[in-house]
Amino acid sequence: MGELTGYQLGVIGALFLSVASSVSIVIVNKALMSNLGFPFATTLTSWHLMVTYCTLHVAHRLNFFENKSIDMKTVILFGILNGVSIGFLNLSLGFNSIGFYQMTKLAIIPFTVLLETLFLKKQFSQKIKLSLFLLLVGVGIASVTDLQLNFVGTVLSLLAIMTTCVGQILTNTIQKRLNVTSTQLLYQSAPFQAAILFVTGPMGFIILSCVIAVSVNFSTFLVIGKTSPVTYQVLGHLKTCLVLGFGYTLLHDPFTQRNIIGILVAILGMGLYSYFCTHENKKKQILDLSSASQIKDKDSNTPLLGHQDKENHFEVKKATKDSLV
């Protein structure tokens, strides 16, 4: 009876901690994103997981729990799956309306029930199904305000539902089959979840941007040194035209007829500049070659004249000596 009571208290404590922490983090994240203007949800989640790992690492060092070895392949796949599911949920929110995103989250419960019934042979009574149905209807009425559908958003929502359901089922299955605690599983999988979110989130693009910036800065000095500041500025305007073009094709930025005409005129100017620069450089090279050949001829003739003068001076000196004798 005492063990049962202790088990029940543990379950109640876990449920309370989950509710309290989830509600608190939603409020804090809303304040961070809405009031302070920090929109990078995926990167923020990766930081959450890294701080969680560091906290558990300190707790492990202080012997608050004992680490248990788990097959590395299982841990990596589990961590990546959970990280991808969080990423898909964030992408679903980005590509869909708030109402459709809420519908996505509501669909996780029936899909989880379906998967556990089909693959794990778990049975849910009619009373449980009825209570879940009422729960979903109530939350749907309270939170779903608009439903705007689009193809990409729908695909992302389906992927988010599938990966989230599978990840949560595996969280339960791995703990029971491998006889590990939630702390042990989280401690080993958190770094991989954080890594996949860190790479796919905006911070990954920030790192990529910094790496590309090295090439940009190096090429700037290289181009100016090899050509001229004016050529570099012309090259910069070519970059502007390319940015406008890629922005339209890849990012769907607004593109008008005026943009097209401006880009074509700019390309014409760049072409003429390149042609005139090439023509003038060729003329300059020809002049430099002719000047160099003249200098070379002059240098080659100078030693001969000096040698003749020296011989004439020697003959005059000899004649003078003979006359004195």
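The values are calculated or read from the model by the stated rules, or taken from the named source; none is laboratory data. Worth saying up front: this structure is predicted, and the values here are computed from it rather than measured. Positions of Cβ are backbone-derived with ideal geometry, glycine not excepted, and every protein chain shown enters the neighbour counts. With ligands, DNA and RNA removed, areas are computed over all heavy atoms of the protein, side chains included. Shrake-Rupley method; radii C 1.70, N 1.55, O 1.52, S 1.80 Å.
Which residues, counting only those in the stretch 134-170, are open to solvent by less than 90 Å² (accessible area, probe 1.4 Å), under 23 Å from residue 77 (Cβ atoms) and either in contact with a Gly (Cβ under 7 Å, 6 or more places away or on another chain) or free of Cβ contacts under 8 Å to residues at least 40 places away in the same chain (or both)?
Scanning the stretch 134-170 gives a single hit, 155.
Looking at residue 284, is it assigned to a helix (DSSP H, G or I) and modelled with pLDDT under 65?
It is false that residue 284 is assigned to a helix (DSSP H, G or I) and modelled with pLDDT under 65.
Pairs, please: C-beta under 8 Å, at least 6 apart or cross-chain, first residue farther than 11 Å from residue 153 by Cα and in the stretch 93-108, second acidic (Asp, Glu)?
98/146; 99/146
Listed here are the residues, each with its yes/no results for (1) of a type outside the set (A, V, I, L, M); (2) at positive phi; (3) open to solvent by 70 Å² or more (accessible area, probe 1.4 Å); (4) at pLDDT below 70.
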residue	(1), (2), (3), (4)
183	yes, no, no, no
192	yes, no, no, no
195	no, no, no, no
206	no, no, yes, no
211	no, no, yes, no
222	no, no, yes, no
232	yes, no, no, yes
238	no, no, no, no
245	yes, no, no, no
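Residues 129, 121: which one is part of a helix (DSSP H, G or I) and either among the charged types (D, E, K, R) or without any contact (Cβ under 8 Å) to a residue 40 or more places away in the chain (or both)?
Selected residue: 129, the only one of 129, 121 that is part of a helix (DSSP H, G or I) and either among the charged types (D, E, K, R) or without any contact (Cβ under 8 Å) to a residue 40 or more places away in the chain (or both).
Working only within the stretch 135-160, note down all residues that are assigned to a helix (DSSP H, G or I), modelled with pLDDT under 85 and not β-branched (Val, Ile, Thr).
135, 136, 138, 140, 142, 143 - these are the residues of the stretch 135-160 that are assigned to a helix (DSSP H, G or I), modelled with pLDDT under 85 and not β-branched (Val, Ile, Thr).
Mind checking whether some residue in the stretch 69-85 is more than 13 Å from residue 188 (Cα to Cα), open to solvent by less than 90 Å² (accessible area, probe 1.4 Å) and of a type in the set (A, V, I, L, M)?
Scanning the stretch 69-85, I find at least one residue that is more than 13 Å from residue 188 (Cα to Cα), open to solvent by less than 90 Å² (accessible area, probe 1.4 Å) and of a type in the set (A, V, I, L, M), so the answer is yes.
Within the stretch 13-51, track down each residue that is more than 30 Å from residue 205 (Cα to Cα), at pLDDT below 80 and open to solvent by 80 Å² or more (accessible area, probe 1.4 Å).
15, 19
Condition check ((1) at pLDDT 90 or above; (2) acidic (Asp, Glu); (3) part of a helix (DSSP H, G or I); (4) more than 27 Å from the chain's Cα centre (by Cα)) across all residues:
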| position | (1), (2), (3), (4) |
| --- | --- |
| 58 | yes, no, yes, yes |
| 63 | yes, no, no, yes |
| 75 | yes, no, yes, no |
| 78 | yes, no, yes, no |
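Can you tell me which residues in the stretch 119-133 are surrounded by 10 or more Cβ atoms within 10 Å (Cβ to Cβ) and farther than 20 Å from residue 166 by Cβ?
If the condition is that a residue be surrounded by 10 or more Cβ atoms within 10 Å (Cβ to Cβ) and farther than 20 Å from residue 166 by Cβ, then 128, 129, 130, 131, 133 are the ones that fit.
If residue 260 satisfies all but one of (1) β-branched (Val, Ile, Thr); (2) under 30 Å from residue 88 (Cβ atoms); (3) free of Cβ contacts under 8 Å to residues at least 12 places away in the same chain, what's the number of the condition it fails?
(2)
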